[in-house]
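What follows is a short report on a single structure.
The values are calculated or read from the model by the stated rules, or taken from the named source; none is laboratory data. Keep in mind it's a predicted model, so treat the numbers as computed, not measured. So basically every Cβ, Gly included, is an ideal-geometry build from the backbone, and we count neighbours across all protein chains shown.
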Amino acid sequence: MYARITGTGSYLPPQAVTNHDLVARGIDTSDEWIVERTGIRQRHIADERQSASDLALEASRAALGCAGIAPEKVDLIVVATSTPDYIFPSTACLLQDKLGIKGCAAFDVQAVCSGFAYAMAIAEKFIRSGSHRCALVVGAEVFSRILDWNDRATCVLFGDGAGAVVLEAAETPGILASALHADGSYNEILSVPGNVCGGRVIGSPFLQMDGQAVFKFAVRVLGDVAHEVLQHAHMPQEAVDWLIPHQANIRILQATAKRLGLPMDKVITTVDRHGNTSAASIPLALDVAVRDGRIKRGDNLLLEGVGGGFTWGAVLVKF
Ligand code: UT7
């Protein structure tokens, strides 16, 4: 038994905020700096009444519609998020309720920007074991809630959004290989080092990052893990039709493509329009390219992410 993607969907909150808008709001930055260093031109920001599960709901409905699946057929929900609605219950349980279904397994995965790669690899193992047949795998984030808008080094980088796929049991692949990794000794280079205790925030509720350390780490591990899954699947890198990396910075995407010997026209790029949407960025980019007709049935897709933890992972897919 294999696991195949049978539908994709995504959702962006309507409010698009350009680099010029950030300057107009008083942030000490410029469109030139942000575009040159990151490739980002705009990001979407959720309304304060919209939570991660609301974004996840819209993306999930689109993915289920694409797959032609009724919500009742879903027997597993995995939501990758670092910006959940609540400490608990999980965003996956809230999504299940909003979808109007009951009973199926539902849980969140916390691997920050690698979350979607983790969630896909986990859901695939449920399906391949034969215990589950139809998984809804979602990445949903409202990173705007954990940004310090006085820290220009981080607040210009991130956006909100959600992406989802339906993963179903199938007799042909499917997911060809996956690899997941973490190195917790790097926990301090990208973190939100806070918690709630006795009604107070202990530590910081805002994202902190050593940008250059993250950059170097990301380029190294994204190249390594891509080679690892290609080796698992005995696939030469030339056979990759589309690279769909976590969308953090256009320069990281370019460096990764170069290491893999792939031209940039084989790399799905949404960072210019979405910014970094953490766990949502891979499924958002996937859905954009499926819907605009670039990604076709039978294409080989290499999905890969890297993020806080530090975590990293890749999933090789026959679409
Ligand atoms: O999802 C995974 C997590 N994130 C990432 O993958 C991000 C990885 N890192 C990066 O993308 C880059 O390191 C950044 C985009 C965050 C920063 O780019 P950089 O080329 O590493 O710049 P820098 O941090 O070395 O800063 C260069 C200069 C500094 O000024 P001085 O000290 O040279 O005078 C900063 O203060 O740019 C300044 N700067 C800014 N200037 C205008 C930092 N942020 C801004 C800003 N606007 N928003």
Members of region 192-207 that are more than 11 Å from the ligand (Cβ to nearest atom) and either of a type in the set (S, T, Y) or under 20 Å from the mean Cα position of the chain (by Cα) (or both): V192, S204, F206
Hey, among the residues in region 49-74 that are out of contact with any Ser or Thr (no Cβ under 9 Å at 6 or more places or on another chain) and of a type outside the set (A, V, I, L, M, F, W, C), which one's farthest from the ligand (Cβ to nearest atom)? E72
Do the conditions hold for I295, that is, is it within 16 Å of the ligand (Cβ to nearest atom), in contact (Cβ under 8 Å) with a residue 12 or more places away in the chain and surrounded by 17 or more Cβ atoms within 10 Å (Cβ to Cβ)? no
Say whether the condition of being within 21 Å of G115 (Cβ to Cβ) and buried (at least 17 other Cβ atoms within 10 Å of the Cβ) is met by at least one residue in region 257-265. no
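Give C66, C93, C113 a once-over and let me know the one that is closer than 16 Å to A280 by Cβ, surrounded by 16 or more Cβ atoms within 10 Å (Cβ to Cβ) and outside the structural domain of V229 (by TED's automatic domain parsing).
Of C66, C93, C113, the one residue that is closer than 16 Å to A280 by Cβ, surrounded by 16 or more Cβ atoms within 10 Å (Cβ to Cβ) and outside the structural domain of V229 (by TED's automatic domain parsing) is C113.
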Tally, over region 6-50, of residues that are farther than 14 Å from L157 by Cα and aromatic (F, W, Y): 1
Search region 1-38 for residues being assigned to a strand (DSSP E or B) and within 16 Å of the ligand (Cβ to nearest atom), and hand back the single one that is nearest to A169 (Cα to Cα). V17
